[in-house]
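In what follows, a structure is listed as structure tokens, so that the remarks can point back to it.
The values are calculated or read from the model by the stated rules, or taken from the named source; none is laboratory data. In this text, all values refer to a predicted model and were calculated from it rather than measured experimentally. Cβ atoms come from the backbone with ideal geometry, glycine included; neighbour counts cover every protein chain shown.
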Amino acid sequence: AQRVTQVQPTGSSQWGEEVTLDCSYETSEYFYRIFWYRQLFSGEMVFLIYQPSFDTQNQRSGRYSVVFQKSFKSISLVISASQPEDSGTYFCALSELITNTGKLTFGDGTVLTVKP
Amino acid sequence: DPKIIQKPKYLVAVTGSEKILICEQYLGHNAMYWYRQSAKKPLEFMFSYSYQKLMDNQTASSRFQPQSSKKNHLDLQITALKPDDSATYFCASSQEWGRNSGNTLYFGEGSRLIVV
């Protein structure tokens, strides 16, 4: 069965600092993707970045990057030069490509506060 | 401008009544989804549709019925409402549904339903 765990319910940083948010997951599949979303205070879910399981290279998109440790089934989201506008709830989500196509399994989220 | 429009944004309903949540996407996507986020819980997958055809249903109750009148529409009808149905319902879409697709999901802003 698939499961996603985000053990940090909250996190904080100062403006300009690098922030790391952790996620671990369980899956029996070889092919999967891990997504990161941010939920704004309005409730809107914004897609940030994803990592395919078959790509050994850590993905990067603007100030967002991931540290993918496939053997440990762990992935971290790294936000460089954090800003107060980055505050919100960050969700990690697993998409299994064979048995659960089209379904994302979400973690509980990490509430990030970036202080000015 | 939001590309996935959900209506209404907020809704209060009486126990036992019926409501329809509207979702339209203007991303040209062929797959659409419904997710639910209850208080203090992660998003949970409910339904997936591809080209207006139901692909997966992981909602136990038949009180929840998706309705797709057009390819870019996926409404959610909820009958015999209960207080436990109180949640934010998110509509999402992706280019395609399927194991070989780049199935990044994009979400609407959600419809927050409170059942009293």
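Of all residues in segment B:75-116, which are in contact (Cβ under 8 Å) with a residue 24 or more places away in the chain, of a type in the set (Val, Ile, Thr) and under 26 Å from A:Trp36 (Cα atoms)? Result: B:Thr88, single match.
Has segment A:51-63 got any residue that is among the acidic types (Asp, Glu) and either at positive phi or buried (at least 18 other Cβ atoms within 10 Å of the Cβ) (or both)? Checking segment A:51-63: not a single residue is among the acidic types (Asp, Glu) and either at positive phi or buried (at least 18 other Cβ atoms within 10 Å of the Cβ) (or both).
Scan segment A:49-72 and give yes if some residue there is touching an Asp or Glu at 6+ places or on another chain (Cβ under 7 Å) and not hydroxyl-bearing (Ser, Thr, Tyr), otherwise no. No, segment A:49-72 contains no residue that is touching an Asp or Glu at 6+ places or on another chain (Cβ under 7 Å) and not hydroxyl-bearing (Ser, Thr, Tyr).
Scanning segment B:1-28 for residues that are outside any strand (DSSP E or B) and either touching a Phe, Trp or Tyr at 6+ places or on another chain (Cβ under 8 Å) or small (Gly, Ala, Ser) (or both) yields a count of 5. Scan segment A:34-51 and report the pairs whose first residue is more than 8 Å from chain B (Cβ to nearest Cβ) and assigned to a strand (DSSP E or B) and whose second residue is modelled with pLDDT of 95 or more and surrounded by fewer than 16 Cβ atoms within 10 Å (Cβ to Cβ), with Cβ atoms within less than 8 Å and a gap of 6+ or a chain change. Between residues of segment A:34-51 that are more than 8 Å from chain B (Cβ to nearest Cβ) and assigned to a strand (DSSP E or B) and residues that are modelled with pLDDT of 95 or more and surrounded by fewer than 16 Cβ atoms within 10 Å (Cβ to Cβ), the close pairs are A:Leu48/A:Ser61; A:Ile49/A:Arg60; A:Ile49/A:Ser61; A:Gln51/A:Asn58. Just the residues that are surrounded by 13 or more Cβ atoms within 10 Å (Cβ to Cβ), out of contact with any Ser or Thr (no Cβ under 6 Å at 6 or more places or on another chain) and modelled with pLDDT of 95 or more, please, taken from segment A:16-33. Scanning segment A:16-33 gives A:Cys23, A:Tyr25.
Just one of the listed residues (B:Tyr33, B:Tyr49) is closer than 24 Å to B:Val115 by Cβ, buried (at least 19 other Cβ atoms within 10 Å of the Cβ) and of a type in the set (Ser, Thr, Tyr), namely B:Tyr33. For segment A:57-75, a residue qualifies if it is touching a residue at least 12 places away in the same chain (Cβ under 8 Å), among the polar types (S, T, N, Q) and farther than 16 Å from A:Glu17 by Cα, and the qualifying residues are A:Ser61, A:Ser74.
Say we look at segment A:77-95 and pick out the residues that are farther than 21 Å from B:Lys41 by Cα and surrounded by 13 or more Cβ atoms within 10 Å (Cβ to Cβ); which of these is farthest from the chain's Cα centre (by Cα)? Within segment A:77-95, the match that is farthest from the chain's Cα centre (by Cα) is A:Gln83.
Being outside any strand (DSSP E or B), under 26 Å from B:Ile4 (Cα atoms) and more than 14 Å from every other protein chain (Cβ to nearest Cβ) is true for just one of A:Glu85, A:Glu17. Which residue is that?
Numbers: A:Glu17 fails: under 26 Å from B:Ile4 (Cα atoms).
The conditions single out A:Glu85.
Tell me which strands (runs of 3 or more DSSP E) are completely within segment B:54-116 and hold 3 or more residues being within 14 Å of chain A (Cβ to nearest Cβ), closer than 14 Å to B:Tyr33 by Cβ and at pLDDT 95 or above, or say none if there are none. Before you say what the answer is, go through the steps one by one.
Working: elements: B:64-67, B:75-78, B:87-94, B:111-115.
Where strands (runs of 3 or more DSSP E) fall fully within segment B:54-116 and carry at least 3 residues being within 14 Å of chain A (Cβ to nearest Cβ), closer than 14 Å to B:Tyr33 by Cβ and at pLDDT 95 or above, they are B:87-94.
When A:Asp22, A:Asp108, A:Asp55 are checked against the criterion of being charged (D, E, K, R) and part of a strand (DSSP E or B), A:Asp22 stands alone in meeting it.
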